[in-house]
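To start, the structure under review is shown below, and the notes come after it.
The values are calculated or read from the model by the stated rules, or taken from the named source; none is laboratory data. Treat the numbers as computed from the prediction; the structure is a model and nothing was measured. For neighbour counting, all protein chains shown are included, and Cβ atoms are generated from backbone atoms with ideal geometry for every residue, glycine included. These accessible areas exclude ligands, DNA and RNA; they are computed on the full protein's heavy atoms, side chains included. Shrake-Rupley method; radii C 1.70, N 1.55, O 1.52, S 1.80 Å.
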Amino acid sequence: MAYVSRAPLNEQWHAGGFLVSQPRGNRHIDRGLITGAVKVFPGTIMGQVTATGSWVVCTAAAADGSQNAAGICFGLVDATLNDQRGALVVRDCEVNTAELVWDASMTPALQTTALGLLQKQGIIAR
């Protein structure tokens, strides 16, 4: 049998595309209120504001609890005009590090720290 060369599969960017493996069902996902007047893309590292429980993009300059990575946005959430509810990956899965979206303020050292925080929740970066 001869080897047949095929073109590589190029997937479009989609909800959950950063996941490598996940548990049965949806126990790795919670829903939460996403704020911050931004459009949040799948795979964006998120922090949770301690006082309100709302979710925002994790940034190095934050001092409200959201500077600590606490989850990953599952799908596209457009919160530019109003706060929106969205799905967040918060536990027990593996993710493709190359497909994660980071705020520009997150240096490689801060990214390593953030991935360590996510690992404590069972989110393993591959």
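Things to note:
- Check on W13, open to solvent by 20 Å² or more (accessible area, probe 1.4 Å) and in contact with a Phe, Trp or Tyr (Cβ under 8 Å, 6 or more places away or on another chain): yes
- Test for A125: is it modelled with pLDDT of 95 or more, in contact with a helix residue (DSSP H, G or I) (Cβ under 7 Å, 6 or more places away or on another chain) and surrounded by 16 or more Cβ atoms within 10 Å (Cβ to Cβ): yes
- Extreme residue, farthest from V95 (Cα to Cα), among residues of the stretch 28-79 that are open to solvent by 60 Å² or more (accessible area, probe 1.4 Å) and small (G, A, S): A51
- Strands (runs of 3 or more DSSP E) contained entirely in the stretch 1-99, each with at least 1 residues that are over 23 Å from Q119 (Cβ atoms) and at pLDDT 95 or above: 29-34, 84-89
- Residue list for the stretch 98-114, restricted to those being open to solvent by 40 Å² or more (accessible area, probe 1.4 Å) and more than 10 Å from the chain's Cα centre (by Cα): A98, D103, A104, S105, T107, P108, A109, L110, Q111, T112, T113
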